[in-house]
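Quick notes on the structure that follows.
We did not get these values from a lab; they are worked out from the coordinates using the rules stated. This structure is a prediction, so every number in the text was calculated from the model and none was measured. Note: ideal-geometry Cβ built from the backbone for every residue, glycine included; neighbour counts use all protein chains shown.
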Amino acid sequence: MADRPGEVRRGAVAELPPPAWRARLRRALRAWYARSARDLPWRRAATPYRVWVAEVMLQQTQAATAAPYYERFLARFPTVAALAAAAEDDVLAAWQGLGYYARARKLKEAAAIIVAEHGGRFPDDEATARALPGVGPYTAGAVLSIAYDRPAAAVDANVARVLVRLLGEERPLATAAVKARLWQVAAALVPRRAPGAWTQTLIEFGALVCLPRSPDCPSCPVASLCVARAAGRAAQIPAPRRKKPPPVVEVAVAWAADREGRLTCVRRPDRGVLAGFYELPAVDVPAGEDPRVLLGEALRALGARRVSVGEALARIEHGMFHRTARLTAYRVRATWDAADSVTAILPEAAAARPLTTASQKLIRAIGSKGRR
Ligand code: SF4
């Protein structure tokens, strides 16, 4: 009997592992999940809204990190209607620290559509769910299976990693043929009984055993079914993506505190990276340029008058997905014309506003030495 996924049946559906292999895999992983699943907050009451928020949060954040944010977010926005009615600034502030803020913005946008067009309930069919902002095939599959117990597959980066190892798939994960194969295999694996629990099983297995860098093959419950393990290739599959390191840029930042200790902040544009967030005024400094001169010019362009840029107060490095910034904060004295985008924030009130992480780091680094 075919017992390895490498022994494939070829036909209309490409390279499906044999039914006996799939059955053994499901049995072994379900038994493992029954004894190993973590008690995570989104598993306690798997309503469509709770599962949806969790899946969006978990897209770029590990479960242990996301759990306290999740509980705070749900306490603040307990229903789709509460999220739809919230101010965007409040949603971004509740998301603060999780990064990738477009997720939060789309979540709120989708909540408004769910309230207006779907009776306040996350849609229970894939096409309608996928028409919502921020809902791709993975999120739709996860919510449909976990919250509605529909037989839908859900392949995120963790599940993809597990599958390519089990299958011994050596081609890069990013290729269209591999992606299509993984979705087909994942769909064939979905059981008729309790598909939602199966989705959680695969995700949990990728998070606890079949880890990205060091899969725990010696204690793996499906090691005997794994092609990568049999070939001694578990550590090499999937092939690592070669990423160019992000560019490093110097940034001059204005630390402009008034007598009450309030800091001048500016609101970023409504589109682009960190849209709508507040931050300390800043300017990129190309090589060979004088940071104080550039910062003064940037502040005058924002409506500052009688600008004087003084000593450097702190220097930090802040990595983002598109660049690494080396930020130097300078003490600034200036007066301001009223401008919509300029506001004053007390450092201790910063958590109530959507303030960029780089600005928060500088506020912490400078502390009391920034007082006038
Ligand atoms: Fe992952 Fe190793 Fe188990 Fe294969 S044997 S599924 S590589 S943990």
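So the values come out like this:
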item: Dipole of the chain [Lys/Arg +1, Asp/Glu -1 at C-beta], most positive-end residue of Thr199, Ala31, Ala67; result: Ala31
item: Angle in degrees between helix 63-76 and the longest Cα principal axis of the chain, rounded to the nearest 10; result: 70 degrees
item: Integer Hz, Karplus 6.51/-1.76/1.60 couplings in order for segment 195-207, x for Gly and Pro; result: x, x, 5, 5, 4, 5, 4, 4, 5, 5, 5, x, 7
item: Cβ-based exposure ranking for Asp89, Asp337, Asp156, in which fewest neighbours within 10 Å come first; result: Asp337, Asp89, Asp156
item: Proxy reagent accessibility, fewest Cβ within 10 Å first, across Thr356, Thr175; result: Thr175, Thr356
item: Average Cα contact separation per residue, segment 70-111, under 8 Å, 6 or more apart, as relative contact order %; result: 43 percent
item: Sparse-neighbour loop sites [trypsin sites (Lys or Arg not before Pro); segment 150-211; at most 11 other C-beta within 10 Å; DSSP]; result: Arg192, Arg193
item: Relative exposure of Met320, Met57, judged by other C-beta atoms within 10 Å (fewest first); result: Met320, Met57
item: Relative contact order for segment 105-164, counting Cα pairs under 8 Å that sit 6 or more residues apart, in percent; result: 23 percent
item: Per-bin percent of Cα-Cα distances, segment 1-154 [5 Å]; result: 1, 9, 15, 19, 17, 12, 9, 8, 6, 3, 1, 0
item: Degrees separating the helix 357-366 axis from the principal Cα axis of the chain, which is the longest one; result: 50 degrees
item: Karplus (6.51, -1.76, 1.60) ³J(HN,Hα), θ = phi - 60°, over segment 216-222, in Hz, Gly and Pro reported as x; result: 8, 4, x, 9, 6, x, 10
item: Rel. contact order, % - alpha carbon contacts under 8 angstrom, at least six apart, the chain; result: 15 percent
item: Selection from Ser145, Ala131, Ala177 lying farthest towards where the dipole of segment 114-200 points positive, charges on Cβ; result: Ala177
item: Cα centre as origin, Lys/Arg/Asp/Glu Cβ charges: the chain dipole, Debye; result: 940 debye
item: All-pairs alpha carbon distance profile, the chain, 20 Å steps from 0, percent; result: 25, 45, 26, 4, 0
item: Kirkwood-Stokes translational diffusion coefficient of segment 154-298, alpha-carbon pairs, 10 °C, 1.306 mPa s, µm²/s; result: 81 µm²/s
item: Tilt relative to the chain, helix 102-117 - C-alpha long axis, 0 to 90 degrees, to 10; result: 70 degrees
